[in-house]
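Novice: This is the structure, below, for whatever I ask next.
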Amino acid sequence: MVIDLAGADGNAYALLGYAQRFASQLNLDGDSIGADMKSGDYGHLLNVFNREFGSVVTLKFGGVTLTDVEDIGSFVDNLIKNPVRDNYEAETENDAEWDKHWAGDAAQ
């Protein structure tokens, strides 16, 4: 199963629900796993979820598969704070900055 953290399934409550379901199917203690997931921030919740269910669930964030990421919580937190923009948007923004720079020089 693949869960895209950028979508509705990445919501903390959705992940807690998945954890209960998977724990039940795998004969694990869902209450203690859920309590551990809730004992920290969102990053901690993701790391616990991955530790417990990473063998049966692949976590993604948009187009990025998080299979080999050791600290998924920190990785996703960084992606949220520093979103990757596509090249076209970055080039367009750089071109606008460049044009503004040269327009300023010409005005002097």
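Novice: Is the range 28-37 home to any residue that is modelled with pLDDT of 90 or more and in a loop (DSSP other than H, G, I, E, B)?
Specialist: yes
Novice: May I pose another question? Which residues, taken from the range 46-93, are under 16 Å from residue 7 (Cα atoms), part of a helix (DSSP H, G or I) and modelled with pLDDT of 90 or more?
Specialist: Once the filter is applied, which keeps residues that are under 16 Å from residue 7 (Cα atoms), part of a helix (DSSP H, G or I) and modelled with pLDDT of 90 or more, the range 46-93 yields only 46.
Novice: Still on this structure, please answer the following. Looking at the range 29-57 only, could you name the residues that are under 14 Å from the mean Cα position of the chain (by Cα) and exposed (fewer than 14 other Cβ atoms within 10 Å of the Cβ)?
Specialist: 41
The values are calculated or read from the model by the stated rules, or taken from the named source; none is laboratory data. What you see is a predicted model, and the numbers here were worked out from it, not measured in a lab. A quick note on method: Cβ atoms are made from the backbone with ideal geometry, for glycine too, and the neighbour counts reach across all protein chains shown.
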